Structure formats: C-alpha cells, structure tokens
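Visitor: Just passing along the structure, written as structure tokens.
The values are calculated or read from the model by the stated rules, or taken from the named source; none is laboratory data. In this text the structure is predicted, and so the values were computed from the model without any measurement. Here the Cβ is made from the backbone with ideal geometry for all residues, glycine too, and neighbour counts use every protein chain on show. Side chains are part of the model used for accessible areas, which takes the heavy atoms of the whole protein and leaves out ligands, DNA and RNA. Shrake-Rupley method; radii C 1.70, N 1.55, O 1.52, S 1.80 Å.
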Amino acid sequence: ETRLGIPIIAFDEALHGLVREGATAFPQSIGLAATWDTTLMHKVGHAIAMETKTRGIRQILSPVVNIARDVRWGRTEETYGEDPFLTSMMGLSYMSELEKMGVIATPKHFAANFGDGGRDSYPIHFNERLLEEIYFPAFKTAFKQAGARSVMTSYNTLDGSPCTANAWLLRKKLKDEWKFKGFSISDAGATGGANVLHFTTADYAESTKNAIENGLDVIFQTSYDHYPLFWKAFETGMVNQKAIDDAVRRVLRAKFELGLFEHPYVDPALAEKNNGTEATRVLAKQAAIESFVLLKNEKNTLPLSLDTKSVAVIGTDAVEARLGGYSGPGIRKVSILNGLKNFAGDRVQFNYAPGCGRETVEYVTIPSTNLYTVENGVKKNGLKGEYFDNISFEGQPKVTRTDEQIQFGWTLFSPHESIPYDWYSVRWTGKLVAPDSGTFKIGIEGNDGYRIYINNQLISESWSKETFRTILKDFTFEKGKEYDLKVEYYEPAGNARVRLVWNAGVQNDWKDKIDQAVNVAKQNDLALVVVGINEGEFNDRALLSLPGHQEELIRAVAATGKPTVVVLVGGSAITMTNWRDLVPSILDVWYPGDAGGDAVAEVLYGKYSPAGRLPITFPVHEGQLPLYYNHKPTGRGDDYTNLTGQPMYPFGFGLSYTTFAYSDLKFEKQVIGKNEKTTVHFKVKNTGDRTGDEVVQLYIRDVLASVARPLTELKGFKRISLKSGEEKEVSFDITPEMLSMLDVNLKKVVEPGDFRIMIGASSKDIRLRGFVTVKQDLRKTK
C-alpha cells in the first residue's frame, strides 16, 4: 500500500528453525554441522523453507557461514565450525533449499565476525590471502552454487573500514569480481556504527552516504525512532544517485523474482497446514540423533542397559530443554529427563537432582524496593543520580534523574546524549532500607573509579582506574532501618560498567545442592550428569570450562564410585582437564532441538549408535587458542613449555558403539594432468556387533608448493551406514579444484608435484594414505 504499490520482503531469522511460535526447532547449527550429512541438511533446509514461505516470510537472515577459528567466540554455536569446506557444503545444502522454495538466503556476517581473543565484532586485519583461503570460500559457494540472493555485513571493521561501508569488500570483491547480482543488507543498527562506534564518520547522514556509495544496498535499522537519522542523507541529496539506483535495482529485482508484485500475500491455511507437522518433528529428532558426538566411552559404559533399574539424573540442563541462540519457543520441547522416561517407561526408575546449576549467585543487584529518594516531595523507589560532563563532579550536573537501580553498562554509549561517552562522573544519593538484620557484604561489581558511603562513612573505595572486578565489604544492618547512601563514580575512558550489589537474601547453597546430588547418586545404580555452558551473541567466553560449580559436581558424583556418564549441552568447545579422567563416558548433544530429549534417550540406550563428528577443535586449555586443525607449517614447533600444542579432541573426531576397519586403497590413476581428475576407492567394514554410521573423511596435503600450504585440508566426506559385518566400497573423485591453491599472486593454480591423499575417521585418525602426482605440463608456450 505504498505510493508505487511496491511490496515488502518480510524477513526473519531461521538458523535452525524459524524464530516464530509454532515453528519447528531443529538442532542448533553447530549440531547440524556435527552430522556431517548433507543429505539430511537438504531435508532440514526444505522443512525450514516450507515453514517460512507459507507464512509469507520471503527472506531469511541466515545462515552464519563465518569460520569459527576461535571457540571463545560466543556465536560459535551458530556456525558450521572451523573448516571452510565443511561450512561451504553444509551451507550449500541449507541455502539451496531456501532459494529453490523462493525464500532468499542471507549468509552472514560478511566477511568475519570476531577478532582477537574470539571477541564478537572486534576489528579484523586479515590479509587478502587469509580471506580468500579461509573466510571467503563459504560466501562464494553461497552465491555461485546455492544461489543466495542476499548477504549481511558484519559489525566490525576490516583494515580500518566498517564492513557495512567497505568499498573493497562490497564493491570490488562482491559486486565486481564475484559478479554478485543480489543485495547486501547491514546487520541490525550497524550502519550508524560508523559514527557512534568506529568514529569514521561525523554523523548518521555521513554514515548513510558512505555505506550506500561504498556498496551497501539495504539499511537494517531496528528502531523506527532512528529512521529519520538515515533518511536525512537521501532527503538532502548527499548520496550519489547512481549508487541509490543500483541499490534499489537490486532489491526490486529480488521482489520481481519472488513474484511479490503479483502475489504479495499468502493463504494462512497453508501456514497452519505446513508448520509443526509430525513429519517435520520426526526429521528434527533424526537430525538430533545424527548430531551427537561420543567423546569418551571406557568399559562400554554406553549404551545403557534397561536392566539397570535406577538412574540418578543430575543437573538443571536435564530438565531445561534449551534450544540455543536465535531460537523460537519450540513445539512440545522434550527435556532429557522426560526423554529418558518416555523411552524406558516403567522399566527404569529415574531420580532427579538439580545439582548446582550453571550459575552460582553470590550477590545480587540491590533492588529498587530497598532504595528510595524524594523527588519534588514525592517518595520514589531508586536513587537520585546527578550526571556531570567532567570526571570531578565540577559545576552543576548536566542531567539529574531517578535511577531505580545502579546497574549500568555504558559500553557503547554515554549515560546521556549531553554527556561525552568517555568523560563524566555520577553521584547517586538516597536512602537504603535493610531487608533483614545481620552482617551483609555490599559493594560494586564493575570498573574501578568508585566510592560508597553509608551514613557518611566511607565503606568501600577503588578510586584509581585500573580494571573490572568485584569488591565487597561487610556492613552490619538492622531490619527496616534507613541508611543514608551515596555512591560516586567517574569514567575517563569509556566502556563503563557499574553495579551496586549485596548478598542480602542470597542463599549461597551450591555446596548443599552438590551434597544432595551426591546422595541421590549413591542411592542409584548409575549417575547421568547433564551439564552445560552459557554463550551467545555478545556473550563470548574467556574461559571454556563449565561455568559455576559444575566441575565440582562432576567430581563429587564420580567419587561415589557409581558409573558416571556426562552429557554436555552447549554449542562450543569445553575444557575438561579437571574431570575428564574421572568419568568413563562423555556425550556431547549440543542444543538438540524440540525432540532432543527423545533423541538423547535413544542414543544413550543404544537404539542408535552415535556417529556425529566434531566440526570444531576442542583444546586442552584456553592458552592454546586459537587452535584449528588446518594451520600451515610452523617455523619451529607447536608446543609450549608447560602445555602441548595438541588438542584434547581434534576436528572430525567422534566415537561409536561399534568399530570400523579401512582397507584396499586404490586409485584409478595416480598420475594426472593439472586439468584431469582421478578417483580413489577403498573399503570400510563394520567390525563390531552393532549397526552404525561412519563418517569417512578425505584430507589432502600438497607435499611441495610455491606457497606454504596447510598441513592437511578436508576435501571430502561421506556418512555411510553399515550393519554388523557389512563392508562397502567408498570412493571420492579427486578434482583439479581439490588440488588447486592460490599462488604468490593470489591466482588459482594447480601446481605439478605430489599430493598426499589421506582417508580417515578424523583429522588425526588417518587410516589409509596414498599419493597422486600432477605431472609437469611440458607444452612450450610461444
């Protein structure tokens, strides 16, 4: 109903299912990658496309094809892992189904979305070779093979230029070199980041001009209040008309291709019919089953037996049924505990204990109900806040207001538009009312540069600016008594965080909860400890160990002597040095989706043998990071003085309830021309007593090259199912594309010489090896 009758493209998120009520939640993206099953991924992509299109949503801001080379990044769960080939193939399977259904795929975040330390949206300074070899391939596959008609830029800068307004990235690479005909879209609110975060433009209008003229086509802004800030550049003629025309042309082309001008609406009955179907739920469970990675299994502790009459199920993740980041509410989510009960029925008694949970609360923000001030003769909950545009409380405050709590994170902006983001001070005053009598700890969680006074007595001070920490001091309160409270804080550098906290009313009972869990474990035949991590967008992890006191929980339960199985819930790597040797079995189930609990139970009890493989490397310690399998040769070695350079679990790793033998490696031709291909054949046999899947992996190494090449590179994989005693022949075509590299001038070439062909069960577990030689081209050039 616009002036020219141009329809919108309704868009949404669908990393692993549409983020809407009534839509199916599949396993999180990292779990889908762990299946190493592109056929399954096609089915999942088709199901998501169906649930999306029938609602009238015609663009999906997914998938994340960033390469997760540092697992501290909180969004690792959203990716397909650390390898460009695996990411490309899983992304291709997913996006091609969207595009075939007439739903625009939007791979993101162009081109890399985290930097030093695995921190989200940190600036990146990658040279063109690294981008072309590692970070660009999945995007190229998206555009050239999957037919993705959109791409989302990242928040950060590339070599000093915001990716949202980076002419080299958006014009030279994307549109000129790659001939991309679709449209680019910014991440939410990213266009204004040029002026408010990166400080490369003076205002929103200039940010708009730079973005559009440098190749951005669509400004994605979540707040309508900010719309006029960007419209100003168009309204005043700041933006080059040719750039505007190009952006509009690209969006209109997509709308015409989607048929939105002829059919802008959908039949709601189709959405009702095609969302949350039983067939889709069956598929979600199958995807979960295929995703689970068995990391350890000594003494054949798994699979469990229904003859084990009582099982202690410990941990809050056993009942939460978490779906992971960018998820909708799900449909009839099945927790792990309920899945176990569904599977075993009355044959097994499951006894639940929550344990200590993922977080231990030692203090809380002082609530507004315990604070008050008087404003214009009216008593109000909170404290009077006086904000100064200097760091020494000089002059009159620029802003005076009532803040209900002192709980602020002015990490991106200042407390008020009239105050510099990196040069201000705040004084809070009012009354503090004690909820109980006793000695409580009170203090600040946040940056240094604060003082706390109670009844004009200095209680706590950390006035020099050094770091972020929590300092708590004892103070004796009387219930109901009012105390004069004053808190002063100053910030001379920006990125402020300040939170007034105490432990009044906090039940710090994690030790008691562990004791309760131990008692439950002692009374049962086996203990199943379900633990998890916290992560997500803008929630990067400096430490990869289990949060809270979950490690103590595992050790305490294992110390009972009961067989102990650990189930990991989360979307990234977890360090396990403190407890791995104490338990016989570890199963990683990622975030398994709506039917996850049923899937976990069926794998734990052996209805299916686990065959997921790690799409990321699990380090021994955070000090090894970044750690990935396909690095190039070092100038010396990999190790540290006090730590190995080897991972705890390598890329591609995963155990099974059965065993497999590889044999009879053969090549159709072992000497080929640079434009020729050959085929490698071999046999895989199930040598165990159970049916199971094996993920066969092909790795290649260029033995001698003009430019240093990775020690090994994944170039192919197949997931095959074999019955006990069954043997199959497997083959891979070895193509010029697999053997190609970028020479010193970044030109793609196939150099003559030997290539090591490796077949294995992981990047470390190579079972067969041979060589293919590319012969020298002897033709003389004139």
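Visitor: Does any residue of the range 582-594 turn out to be open to solvent by 40 Å² or more (accessible area, probe 1.4 Å) and assigned to a loop (DSSP other than H, G, I, E, B)?
Guide: If we filter the range 582-594 for residues that are open to solvent by 40 Å² or more (accessible area, probe 1.4 Å), which is where we start, we get 582.
Of the ones still in play, those that are also assigned to a loop (DSSP other than H, G, I, E, B) are none.
Looking through the range 582-594, none of the residues is open to solvent by 40 Å² or more (accessible area, probe 1.4 Å) and assigned to a loop (DSSP other than H, G, I, E, B).
Visitor: For the range 200-224, which positions are part of a loop (DSSP other than H, G, I, E, B) and closer than 18 Å to residue 8 by Cβ? I'd like the intermediate steps shown before the answer.
Guide: Within the range 200-224, the subset part of a loop (DSSP other than H, G, I, E, B) is 200-203, 214-217, 219-223.
Hits for the range 200-224 are 217, 219, 220, 221, 222, 223.
Visitor: Given the options 439, 429, 411, 400, name the one that is surrounded by 14 or more Cβ atoms within 10 Å (Cβ to Cβ) and either farther than 21 Å from residue 196 by Cβ or within 39 Å of the chain's Cα centre (by Cα) (or both). Outline the logic, then answer.
Guide: On the way: 439 fails: surrounded by 14 or more Cβ atoms within 10 Å (Cβ to Cβ); 411 fails: surrounded by 14 or more Cβ atoms within 10 Å (Cβ to Cβ); 400 fails: surrounded by 14 or more Cβ atoms within 10 Å (Cβ to Cβ).
Among 439, 429, 411, 400, only 429 is surrounded by 14 or more Cβ atoms within 10 Å (Cβ to Cβ) and either farther than 21 Å from residue 196 by Cβ or within 39 Å of the chain's Cα centre (by Cα) (or both).
Visitor: For the range 515-545, what are the residues that are open to solvent by less than 30 Å² (accessible area, probe 1.4 Å) and of a type in the set (Lys, Arg)?
Guide: 541
Visitor: Let me ask something additional. Filter the range 546-581 for residues that are open to solvent by 40 Å² or more (accessible area, probe 1.4 Å) and either basic (Lys, Arg) or assigned to a helix (DSSP H, G or I) (or both) and give the result.
Guide: Across the range 546-581, the qualifying residues are 552, 555, 562, 580, 581.
Visitor: Let me ask something else about it. Quick check on the range 742-782: of everything there that is of a type in the set (S, T, N, Q) and either outside any loop (DSSP other than H, G, I, E, B) or open to solvent by 60 Å² or more (accessible area, probe 1.4 Å) (or both), which residue is modelled with the lowest pLDDT?
Guide: The initial filter retains those residues of the range 742-782 that are of a type in the set (S, T, N, Q), namely 745, 762-763, 773, 776, 781.
Then keep just the ones that are either outside any loop (DSSP other than H, G, I, E, B) or open to solvent by 60 Å² or more (accessible area, probe 1.4 Å) (or both); that gives 745, 773, 776, 781.
On the way: 745: 98, 773: 98, 776: 89, 781: 48.
Among them, the one singled out is 781.
Visitor: For the range 599-626, enumerate the residues that are surrounded by 24 or more Cβ atoms within 10 Å (Cβ to Cβ) and either of a type in the set (Ser, Thr, Tyr) or outside any loop (DSSP other than H, G, I, E, B) (or both).
Guide: 599, 600, 603, 604, 617
Visitor: With respect to residue 250, is the statement that it is closer than 24 Å to residue 10 by Cβ, at pLDDT 95 or above, among the basic types (Lys, Arg) and open to solvent by less than 70 Å² (accessible area, probe 1.4 Å) true? Reasoning before the result, please.
Guide: On the way: closer than 24 Å to residue 10 by Cβ: yes; at pLDDT 95 or above: yes; among the basic types (Lys, Arg): yes; open to solvent by less than 70 Å² (accessible area, probe 1.4 Å): yes.
It is true that residue 250 is closer than 24 Å to residue 10 by Cβ, at pLDDT 95 or above, among the basic types (Lys, Arg) and open to solvent by less than 70 Å² (accessible area, probe 1.4 Å).
Visitor: Okay, next question. List the pairs whose first member sits in the range 192-216 and is at pLDDT below 95, whose second member is among the β-branched types (Val, Ile, Thr) and in a loop (DSSP other than H, G, I, E, B), and whose Cβ atoms are under 7 Å apart, counting only residues at least 6 apart or on separate chains?
Guide: Close Cβ pairs satisfying both conditions: 194/200; 194/201; 195/201.
Visitor: Do you know which residues across the range 322-350 are within 28 Å of residue 551 (Cβ to Cβ), open to solvent by less than 50 Å² (accessible area, probe 1.4 Å) and not in a loop (DSSP other than H, G, I, E, B)?
Guide: Those that are within 28 Å of residue 551 (Cβ to Cβ), open to solvent by less than 50 Å² (accessible area, probe 1.4 Å) and not in a loop (DSSP other than H, G, I, E, B): 336, 337, 339, 340, 350.
Visitor: What pairs come up if the first residue lies in the range 317-331 and is in contact (Cβ under 8 Å) with a residue 40 or more places away in the chain and farther than 17 Å from residue 62 by Cα, the second is aliphatic (A, V, I, L, M) and part of a helix (DSSP H, G or I), and their beta carbons are under 7 Å apart, counting only those six or more places apart or on different chains?
Guide: 318/336; 318/337
Visitor: For the range 271-317: of the residues being in a helix (DSSP H, G or I) and over 30 Å from residue 45 (Cβ atoms), which is least open to solvent (accessible area, probe 1.4 Å)? Break it down into steps so the answer makes sense when it comes.
Guide: First, the residues of the range 271-317 that are in a helix (DSSP H, G or I): 271-274, 278-291, 298-300, 317.
Retained after the next criterion (residues that are over 30 Å from residue 45 (Cβ atoms)): 298-300.
Working: 298: 91, 299: 186, 300: 124 Å².
Among those residues, the one meeting the criterion is 298.
Visitor: Given (1) modelled with pLDDT of 95 or more; (2) over 26 Å from the mean Cα position of the chain (by Cα), identify the lone condition not met by residue 649.
Guide: (2)
Visitor: I need the full set of residues from the range 47-56 which are of a type outside the set (Ser, Thr, Tyr) and buried (at least 19 other Cβ atoms within 10 Å of the Cβ), in order please.
Guide: Initially, the range 47-56 is screened for residues of a type outside the set (Ser, Thr, Tyr), giving 47-51, 53, 55-56.
47, 48, 49, 50, 51, 53, 55 - these are the residues of the range 47-56 that are of a type outside the set (Ser, Thr, Tyr) and buried (at least 19 other Cβ atoms within 10 Å of the Cβ).
Visitor: So, in the range 123-150, of the ones that are among the basic types (Lys, Arg) and in a helix (DSSP H, G or I), which residue ends up most open to solvent (accessible area, probe 1.4 Å)?
Guide: First, pick out the residues of the range 123-150 that are among the basic types (Lys, Arg): 129, 140, 144, 149.
Retained after the next criterion (residues that are in a helix (DSSP H, G or I)): 129, 140, 144.
Numbers: 129: 43, 140: 57, 144: 124 Å².
Per the criteria, the residue is 144.
Visitor: Would you point out the residue of the range 679-719, among those that are polar (S, T, N, Q) and in contact with a Ser or Thr (Cβ under 9 Å, 6 or more places away or on another chain), that is farthest from residue 749 (Cα to Cα)?
Guide: Filtering the range 679-719 down to residues polar (S, T, N, Q) leaves 679, 686-687, 691, 697, 706, 712.
Checking the rest, the ones that are also in contact with a Ser or Thr (Cβ under 9 Å, 6 or more places away or on another chain) come to 679, 686-687, 691, 697, 712.
Values: 679: 20, 686: 39, 687: 41, 691: 43, 697: 24, 712: 18 Å.
Looking at residues that are polar (S, T, N, Q) and in contact with a Ser or Thr (Cβ under 9 Å, 6 or more places away or on another chain), I get 691.
Visitor: Residues being in contact with a Pro (Cβ under 7 Å, 6 or more places away or on another chain) and closer than 26 Å to residue 537 by Cα: count how many of those fall in the range 1-60.
Guide: In the first step, residues of the range 1-60 are kept if they are in contact with a Pro (Cβ under 7 Å, 6 or more places away or on another chain); the result is 7, 15-16, 21, 27, 29-31, 33-34.
From what's left, closer than 26 Å to residue 537 by Cα: 15-16, 21, 27, 29-31, 33-34.
Matching residues across the range 1-60 total 9.
Visitor: A further question on this structure: Name the residues in the range 665-687 that are without any contact (Cβ under 8 Å) to a residue 60 or more places away in the chain, more than 12 Å from residue 728 (Cα to Cα) and outside any loop (DSSP other than H, G, I, E, B), would you?
Guide: Listed by number, the residues that qualify are 666, 679.
Visitor: Which of (1) outside any strand (DSSP E or B); (2) out of contact with any Pro (no Cβ under 6 Å at 6 or more places or on another chain) is the odd one out, the single condition residue 391 does not satisfy?
Guide: (2)
Visitor: Look at residue 400 and say whether it is among the hydroxyl-bearing types (Ser, Thr, Tyr) and in a strand (DSSP E or B). Break it down into steps so the answer makes sense when it comes.
Guide: Working: among the hydroxyl-bearing types (Ser, Thr, Tyr): yes; in a strand (DSSP E or B): yes.
Answer is yes for this residue.
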